[in-house]
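Below is one structure, written out as structure tokens; the observations come after it.
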Amino acid sequence: MNLILMGPPGAGKGTQSQLLSERFKIPQVSTGDILRTNVREKTRIGQKARAYMDRGALVPDDLVVEMVSERLGDADCSRGFILDGFPRNARQAEELERTLLRGGKAIDAVIGIEVERRELVRRLAGRRVCRKCAAAYNIIFNPPVNMDTCNKCGGELYQRDDDREETIEARLRVYEEETLPVTEYYRGKGLYGGINGIGIIDRITESIIEAIEERRGNIKVAD
Ligand code: ADP
Ligand code: ADP
Ligand code: ZN
């Protein structure tokens with residue numbers, strides 16, 4: 001199953017992608033996570049991307065498109081993948097289609113997690129992320145068992161540089177101007193299903209699965 005999870009910053013794309021990845025045994029491909037790893041390791045991509053990320057702007061398409069094309073070519077993506085945070089504008093959506101076509105693949109469903117702005121700001125301000133496995137926590141809504149430590153892997157939790165108030169505003173603006181139109185593009189193709197992203201995390205996973213099934217018929221769940 002080839003899936004795209006969309007939604008504004010803070011909607012829960014990362015949280016839900018990780019859960020769906022465990023459930024369906026297909027990898028999560030998060031451009032944000034890959035970029036942050038590159039920044040941390042000071043790679044060529046990381047050095048180019050950093051300034052854009054710090055001010056909440058999109059990293060240039062060429063860089064991200066190349067990164068995703070390479071990643072989707074890996075063996076573990078052959079049975080399916082969950083794209084989290086890509087595509088984020090029209091050009092990336094077109095390039096993705098080209099890449100998939102070349103590999104004889106297609107997108108099965110695009111699920112949009114819908115959350116209102118005020119809630120997004122609250123979530124992002126309290127977000128903490130694991131340095132090791134990129135799991136997201138929230139100091140108010142989804143606290144870790146032990147302060148500053150990841151429940152899953154024991155990694156250290158940190159606050160992302162771009163989860164500051166000014167940068168959050170910039171990212172929400174970019175979402176509305178560039179990414180929201182992409183959801184309309186997928187709606188036009190009959191691939192898009194929007195779900196309410198407010199509520200208990202596990203319930204939201206269930207509504208995502210229902211929305212996928214509506215688009216795809218019954219999906220096989222690995223146990
Ligand atoms: P969030 O999930 O909070 O929206 P991400 O981790 O997906 O944030 O992205 C963090 C930053 O990484 C973005 O603000 C942007 O600078 C960069 N980024 C991630 N994905 C893309 C993409 N597909 N195209 C361009 N930039 C991206
Ligand atoms: P995204 O990848 O879309 O930016 P995340 O998955 O990182 O979003 O979640 C953003 C923040 O909101 C994190 O702090 C996360 O723990 C929290 N969060 C995720 N889902 C929910 C939910 N259903 N209710 C409340 N907080 C949530
Ligand atoms: Zn962890």
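A few notes on this one:
- Extreme residue, farthest from ligand 2 (Cβ to nearest atom), among residues of segment 62-101 that are within 16 Å of Leu3 (Cβ to Cβ) and acidic (Asp, Glu): Glu97
- When residues of segment 132-148 are limited to those that are modelled with pLDDT of 95 or more and surrounded by fewer than 15 Cβ atoms within 10 Å (Cβ to Cβ), the one farthest from ligand 3 (Cβ to nearest atom): Ile140
- Among residues of segment 149-166 being within 16 Å of ligand 1 (Cβ to nearest atom) and not acidic (Asp, Glu), the one that is most open to solvent (accessible area, probe 1.4 Å) is Arg164.
- Restricting segment 190-223 to residues that are assigned to a loop (DSSP other than H, G, I, E, B), open to solvent by 60 Å² or more (accessible area, probe 1.4 Å) and modelled with pLDDT under 95 leaves a set whose member that is farthest from Glu114 (Cα to Cα) is Asp223.
- When residues of segment 111-131 are limited to those that are under 15 Å from the mean Cα position of the chain (by Cα) and open to solvent by less than 30 Å² (accessible area, probe 1.4 Å), the one farthest from Ser207 (Cα to Cα): Val129
The values are calculated or read from the model by the stated rules, or taken from the named source; none is laboratory data. Predicted model only: the values in this text are computed from it and were never measured. Here Cβ is always computed from backbone atoms with ideal geometry, including for glycine, and neighbour counts include all displayed protein chains. Just the protein is used for accessible areas: all its heavy atoms, side chains included, with ligands, DNA and RNA removed. Shrake-Rupley method; radii C 1.70, N 1.55, O 1.52, S 1.80 Å.
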